[in-house]
Amino acid sequence: MFLHLGNNISIPLKNLLGVFDLEFTTTTGTTREVLKRAENEGRVYNVSDDMPVSFVVVKEILSETGEEVNFIYLTPISASTLKKRVMLY
């Protein structure tokens, strides 16, 4: 099963680590640091030109090294809507 994040981007549910609301989770410095570090390392993808309201953390295996890496997808779809989609499966 897959979770649609918007703009024809979907991720396998088996790789989903978490769905988070940007407004509520970025009030702490820790979350902002994690997002900034991931962005600096090229592991953040914005799925739309619209203002993101949530982010999804996804585990992916790099094909060239076999290393497990977490990627972050910024999406204009609310965290509550994404969680409802997950619960349908």
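For the stretch 1-40, the candidate set comprises residues that are in a helix (DSSP H, G or I) and among the β-branched types (Val, Ile, Thr); within that set, the residue that is surrounded by the fewest Cβ atoms within 10 Å (Cβ to Cβ) is THR30. Report whether or not THR26 is at pLDDT below 95, in contact with a Lys or Arg (Cβ under 9 Å, 6 or more places away or on another chain) and not hydrophobic (A, V, I, L, M, F, W, C). Criteria met by THR26. Any residue in the stretch 41-48 that is outside any helix (DSSP H, G or I), open to solvent by 40 Å² or more (accessible area, probe 1.4 Å) and on the phi > 0 side of the Ramachandran plot? The answer is yes, given that some residue of the stretch 41-48 is outside any helix (DSSP H, G or I), open to solvent by 40 Å² or more (accessible area, probe 1.4 Å) and on the phi > 0 side of the Ramachandran plot. The residues of the stretch 49-79 that are loosely packed, with under 14 Cβ neighbours inside 10 Å, closer than 21 Å to THR26 by Cα and in contact (Cβ under 8 Å) with a residue 24 or more places away in the chain, listed by number, are ASP50, MET51. The set of residues from the stretch 49-68 being within 15 Å of PRO12 (Cβ to Cβ) and under 13 Å from the mean Cα position of the chain (by Cα) comprises VAL56, VAL57, VAL58, LYS59, GLU60. Inside the stretch 26-58, residues that are closer than 22 Å to SER80 by Cα and of a type in the set (Asp, Glu) make up a count of 2.
The values are calculated or read from the model by the stated rules, or taken from the named source; none is laboratory data. Keep in mind it's a predicted model, so treat the numbers as computed, not measured. Positions of Cβ are backbone-derived with ideal geometry, glycine not excepted, and every protein chain shown enters the neighbour counts. These area figures cover heavy atoms from the full protein model, side chains too; ligands, DNA and RNA do not enter into them. Shrake-Rupley method; radii C 1.70, N 1.55, O 1.52, S 1.80 Å.
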